[in-house]
Amino acid sequence: MELIDSHCHLNYEYDGKTVDDLVREAGAAGVGTLVAISVDFDTHPEVVAISERFPNVYHTVGLHPHEGSRWKPEDADYLRKAARHPKCRGIGELGLDYYYDHSAHELQLAALRAQLDLALEVEQPIVVHSRDAEADLLPELERYARRVKKGAQVGVIHCFTGTQDFGKKCLDLGFFISFSGILTFKNAEPLRESAKAYPLDRILVETDSPFLAPIPFRGKKGEPSMVVQTAMKLAEVKGLPLAEVARITTENSKRLFRI
């Protein structure tokens, strides 16, 4: 069985574990490939350095909506150049987050729009963060998706927790939907209903580690190896063998990220 953790933050702190530990333990659990996600341009070189060290780790470049107020016009040149790295597989994570409001809404929107334009320019799929912002985010994603080159990958809505209708509209635009350890949480029945409703050939699995450790690891930091628990819950929800869910979600990640 092979799984891909389609979204993890390997340059964060992991209770004393090194990146070598995380990659080794993931491999031992059957998680053979990791996609290390960037959230800002200051720490992006750390993410790149990790992906360069490990043949089974790829990365993205982008500015998280929490950091939207930090977007500067010259960042476009950095992103444009960084996207040409041979192991860069996407732009993000980008998006809108109105739950925490770390950056003003208009600044988040400006950073998002700039990055969407750049993603189209460099022909990379996007990794989308969405929280409490569906009404503003969907029109931006619609405008973006209409401009993606025919046959190219659109992107993924990561750590999906949105309404089932929002997810359906994103699927219609060509996005993948990625589920994290939240899928295992006791109070996540609406999310499991969405997972049941969406086609498996449009679903990815992720950890968003070091956050959102799945059951039975609540209270600990998430790790890439724990994507197995999310895949197990997805298989249960779908009424399918774990091996089939692993195979199809892995194929999906490979297709999206050109792995």
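Throughout, read-outs are computed from the coordinates displayed, never taken from laboratory work. Being a predicted model, the structure only gives us computed values, none of them experimental. Ideal geometry is used to build each Cβ from the backbone, glycine not excepted, and the neighbour counts take in all protein chains shown.
What is the sum of charges, Lys and Arg at +1 and Asp and Glu at -1, for the other residues whose Cβ falls under 10 Å from the Cβ of His129? Summing Lys/Arg as +1 and Asp/Glu as -1 gives -2. Once the C-beta distance of Glu13 and Arg218 is scaled by a Förster radius of 22 Å, the resulting FRET efficiency is 0.75 to the nearest 0.05. Partner aspartates and glutamates whose Cα lies under 18 Å from the Cα of Lys150, excluding those fewer than 8 positions away in the same chain, are identified as Asp117, Glu121, Glu123, Glu142, Asp172.
Which residues in region 23-66 place their backbone N less than 20 Å from a point set 7 Å from the Cα of Ala152 along the Cα-to-Cβ direction? Only 38, 59-63 pass the distance filter. Hey, if you put +1 on the Cβ of every Lys and Arg and -1 on every Asp and Glu Cβ in the chain, which of Leu94, Asn56, Pro199 ends up farthest toward the positive end of that dipole? Result: Pro199, furthest along the dipole toward the positive end. Across the alpha-carbon set of region 1-103, the Rg to Rh ratio works out to 1.00, Rh being the Kirkwood radius. By the rule of a C-alpha distance below 20 Å, with chain neighbours fewer than 8 residues away ignored, the lysines paired with Lys220 are Lys17, Lys186, Lys233. Helix hunt in the chain: which complete DSSP H runs extend at least 24 Å axially by C-alpha with mean Kyte-Doolittle at least -0.5? Within the chain the helices that satisfy the rule are 105-122.
Summing charges over all other residues whose Cβ lies under 15 Å from the Cβ of Gly174, with Lys and Arg as +1 and Asp and Glu as -1, gives +4. Highest mean first, the peptides 174-181, 111-118, 163-170 sorted by other C-beta atoms within 10 Å per residue fall in the order 174-181, 111-118, 163-170.
Quick one: compute the contact order of the chain, relative version, from alpha carbon pairs under 8 angstrom and 6+ residues apart, as a percent. Show your work: numbers first, answer last.
Values: 521 pairs, mean separation 53.3, N = 259.
It rounds to 21 percent for the chain.
If you take the alpha carbon atoms of region 93-251 and fit the smallest convex hull around them, that volume is 116 Å³ per residue. Projecting label points 7 angstrom from Cα along Cα→Cβ for Phe185 and Tyr100 puts them 1.4 nm apart.
Looking at region 181-259, which trypsin sites (Lys or Arg not before Pro) are in a loop (DSSP not H, G, I, E or B) and have at most 14 other Cβ atoms within 10 Å? Working shown, then result.
Numbers: sites: Lys186, Arg192, Lys196, Arg202, Arg218, Lys220, Lys221, Lys233, Lys238, Arg247, Lys254, Arg255, Arg258; in loops: Lys186, Arg218, Lys220, Lys221, Arg258.
Within region 181-259, the qualifying trypsin sites (Lys or Arg not before Pro) (loop, at most 14 other Cβ atoms within 10 Å) are Lys186, Arg218, Lys220, Arg258.
For region 1-80 and region 146-190, write down the distance between their C-alpha centroids in whole Å. Cα centroid of region 1-80 versus Cα centroid of region 146-190: 20 Å apart.
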